[in-house]
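Okay, so here's the structure we're looking at.
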Amino acid sequence: MEGQRKRFEENVGEYEQELSGAIEKARNDLEALTQTYDDKLALQAPVRYWKLQEKYHRDKSILFAIVTGLSAIVAISGLVWFALYVLNQQVGELIVGRLVTMAVLTTFAIWAVRLCANLFMSHNHLHVDAQERRTMIHTYLALLRKKNALHDDERQLILQTLFRPSATGMIKEDSGPVHLVDLMNRMAPK
């Protein structure tokens, strides 16, 4: 009887150890799941924001791609028409005013097409940026789910990358020429 009692107590001790281990594992898993859930809730607004930004910039990039194409077609057609019907004279008969008008029209046509192209590129860049940030947030959440996948310094680096300011891709000094003389001075060899 004493042997049975001893074996029973040993079995109970083993089961208690297994149960304690299982409870500790379940507690750790629950803490990890709770942390991931909390982080997901915290990052849900940024995910929604970047999804909206992605859609907005995709739509704008499509719009400006169309506007750029149409403005290029209109500019080239207008310049060709002006050259064929207004400048269709002998060189000696050309009036300087018509040449200046052609130069001004060409300058502003090129500037308008370039501006539309820059807006297209800017929105395209911001669309890709929004896609990347959404992907980074989802990857971050997946890494949080795994135990010991991220250290504090890595987490800090990821969060800094996610919440950095966006660059528009636009050139700050990109404005139209104030005067035709400014354009000529820029183009003249130095």
Paired Rg and Dmax values of region 1-148, which use every Cα atom, in angstrom: 35.3, 130
Burial ranking of peptide ranges 134-141, 113-120, 70-77, 23-30 (average Cβ count within 10 Å, highest at the top): 113-120, 134-141, 70-77, 23-30
Area of R164 that stays accessible when all protein chains are in place (1.4 Å probe, Å², to 10): 80 Å²
Whether region 121-170 is rounded, prolate or oblate, judged on the alpha carbon gyration tensor where a/c under 1.5 counts as rounded: oblate
Region 1-134: relative contact order as a whole-number percent, Cα under 8 Å and 6+ apart: 41 percent
Cα centroid separation - region 26-59 against region 127-155, whole Å: 10 Å
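The values are calculated or read from the model by the stated rules, or taken from the named source; none is laboratory data. Predicted, not measured: the structure shown is a model, and the values here were computed from it. Positions of Cβ are generated from backbone atoms using ideal geometry, with glycine treated the same way; all protein chains shown enter the neighbour counts. For the accessible areas, the whole protein counts, side chains as well, though only heavy atoms, and no ligand, DNA or RNA atoms are used. Shrake-Rupley method; radii C 1.70, N 1.55, O 1.52, S 1.80 Å.
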